[in-house]
Amino acid sequence: MRTGRWRLWMVAVGVFVPQMASAGTMNPPRVTATAAIVVDAHTGSVIWAQSPDERLPPASTTKVMTAILALESGRLRDQVEASPEACMVAPSKVNLRPGQRLLLEDLVFAILLNSANDASIAIAEHLASSVDTFGEKMTARAHLLGATRTNFVNPHGLTQNGHYTTVVISRRFFATR
């Protein structure tokens, strides 16, 4: 039994260790992502990075932050009414109709399981006075989580000026762990 575990560990380590070049130097890892970072989980020290400061669209990861704010609101049993604006957002929807009412909890499921942009707007409008205000709340929460180089301007992740993130996480995030 122990021998099997040891071999499995050796294989796993082999996957993550960069390949040695012929002169004994390490080749950088082959990464196809536009930006990436490897950070020491205990100290927050950057071990390796590729374009860490590049501002990139967070896409549907935005919906995760929308869901976090909805879950943290403690209002999952609220009835949320879909506005005409929520119903007009670009594709990836659950086809809400203006005036339709759903539980906030059901809208959270819709954004996480169906990537529903219309549900994201309905959540933002319900939990804040506007989509802009909700974007500010999302940004503030992201900064508290250590994503200090993130700015949200919408709750669904469709590309928009000023809606971005980087791979960098604040060192203070690691100091508290």
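Values in this text are rule-based calculations from the coordinates and carry no lab data. Here the structure is a predicted model, which means the values were calculated and not measured. Here the Cβ is made from the backbone with ideal geometry for all residues, glycine too, and neighbour counts use every protein chain on show.
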Checklist entry - Can you list the HN-Hα couplings for region 102-116, worked out from phi with the Karplus curve (6.51, -1.76, 1.60; θ = phi - 60°), rounded to whole Hz and with x for Gly and Pro? => result 9, 5, 3, 4, 5, 5, 4, 4, 4, 6, 7, 9, 10, 6, 7
Checklist outcome for this item: With x for Gly and Pro, the residue-by-residue ³J(HN,Hα) of region 151-166, computed from phi through the Karplus equation 6.51 cos²θ - 1.76 cosθ + 1.60 at θ = phi - 60° and given in whole Hz, is 9, 9, 10, 8, x, 10, x, 5, 4, 7, 4, x, 9, 7, 8, 10
Checklist entry - What ³J(HN,Hα) values, in whole Hz, does the Karplus curve 6.51 cos²θ - 1.76 cosθ + 1.60 give for region 88-94 when θ = phi - 60°, with x put for Gly and Pro? => result 9, 5, 4, x, 6, 9, 9
Next on the checklist: What's the ranking of 104-110, 83-89, 55-61, 30-36 by average number of surrounding C-beta atoms within 10 Å, highest first?
Outcome noted: 104-110, 83-89, 55-61, 30-36
Item to check | Cβ-Cβ FRET estimate between GLN160 and ILE47, R0 fixed at 45 Å, reported to 0.05 | outcome: 0.85
Item to check | Cβ-based net charge around VAL131, under 9 Å, with every Lys or Arg adding one and every Asp or Glu removing one | outcome: -3
Next on the checklist: Check which residues have an amide H placed less than 5 Å from TRP48's amide H, if you skip close sequence neighbours.
Outcome noted: VAL38
Item to check | Potential extension, GLN79-SER129 segment - 0.36 nm per residue separation minus Cα distance | outcome: 16.4 nm
